[in-house]
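Novice: Once you've had a glance at the structure underneath, I'll fire off some questions.
Please treat every number below as a calculation from the coordinates, not as lab data. This is a predicted model, so every value here is computed, not measured. FYI the Cβ positions are ideal-geometry reconstructions off the backbone, even for glycines, and counts take in every protein chain you see.
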């Protein structure tokens, strides 16, 4: 056997040992990290501010393995019926072996976006699909990604929105209608609630604005009085409910 | 004289066959013990156990072939075939370097591309070594024949 062959044989042997040891030790380190209570995500908490709905979540990673975790990317996505409601991600430089890193994830979506693309959520309680993802390099060479699917409960801010008891008082030329809804969301509904009454052809009969402040887990029940032109009044039509200029509901009404 | 040489040759071949069988059995037992260990962790992932079974049988086959053809030029041919099998096998078994496992509502993805690249590199190095070995063997043989 020549010298070249002998050297190559030894190089190959050493490299095979590396190939075998690296994944085994990385898998062991990985299993140490993913012991209970070493990686934890907290479910997003919803709040509202200035027309925006904010979802805040926090997480921590306690690297009890013996390899550093580098280029750690944590992302969160919330979907409603396979339609994205929002997503965000955070990149951490790394979690060195034996250290614990905590961070938070926040993302917001406009109430107007909710009203235009996910109007169902405004009046219906449901579950939102939540996807949590964590990807990282382990030992700076191998990569891994963990994706967890979960659901979070959604409480509708205008749950069970109903328009009832429509009545026209000819003496005052006022059309009155009762508006009722329950705020099942974790935030308060504070703003202008507008009720528009239209005839069957879509012509505006009248409208009424009311400043509301409905706290979480309370209900709203009020009678809206609309000054209307008696010549325009019809026995039935369509009603639109707006909150801060965003249409949240529409229903037919009859006297 | 001729029959004596023939007897020696068949004795040598018989001994080579026995040595090859013994080494294959030893390698087979090691792989079987490893399989018993792996089956505890991968019992729900039959696909990966199947890959291991294919790898184990092929390893036993190449071990037998290499030992049987030891001292001949064919040994290098078998070694090159084994290295090529290793390249193709690992590319196929690791789905080109990315393995995804679904466990209930958790999906785990492992990227093994650098490791796969290293395996391919080692196998290519091994092929180079076997080619060098074959050239060495052929030149040594011709020198011996000339002298």
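Novice: What is the average number of partner chain Cβ atoms found within 10 Å of a Cβ in A:23-33?
Specialist: 1
Novice: Using a basic spin-label model with each label point 7 Å from the Cα along Cα→Cβ, how many nm lie between residue A:88 and residue A:251?
Specialist: 3.5 nm
Novice: Ranked by Cβ crowding within 10 angstrom, fewest neighbours first, how are A:172, B:72 ordered?
Specialist: Fewest-to-most ranking of A:172, B:72: A:172, B:72.
Novice: Sorted from fewest to most neighbouring beta carbons within 10 Å, what does the list A:141, A:95 look like?
Specialist: Arranged by neighbour count, lowest to highest, A:141, A:95 become A:141, A:95.
Novice: Looking only at other chains, what is the average number of their beta-carbon atoms within 10 angstrom of each beta-carbon in A:10-20?
Specialist: What the average comes to for A:10-20 is 3.
Novice: How high is the FRET efficiency between residue B:48 and residue A:40 when r is their beta carbon distance and R₀ equals 25 Å, given to the nearest 0.05?
Specialist: Efficiency computed from Cβ-Cβ geometry: 0.30.
Novice: Classify chain B as rounded, prolate or oblate from the Cα gyration tensor: take a ≥ b ≥ c as the square roots of its eigenvalues, call it rounded if a/c is under 1.5, otherwise prolate when a/b beats b/c and oblate if not.
Specialist: Here chain B falls in the oblate category.
Novice: Could I get the Rg over Rh figure for the protein assembly as shown? Both from C-alpha atoms, Rh via Kirkwood, rounded to two places.
Specialist: 1.31
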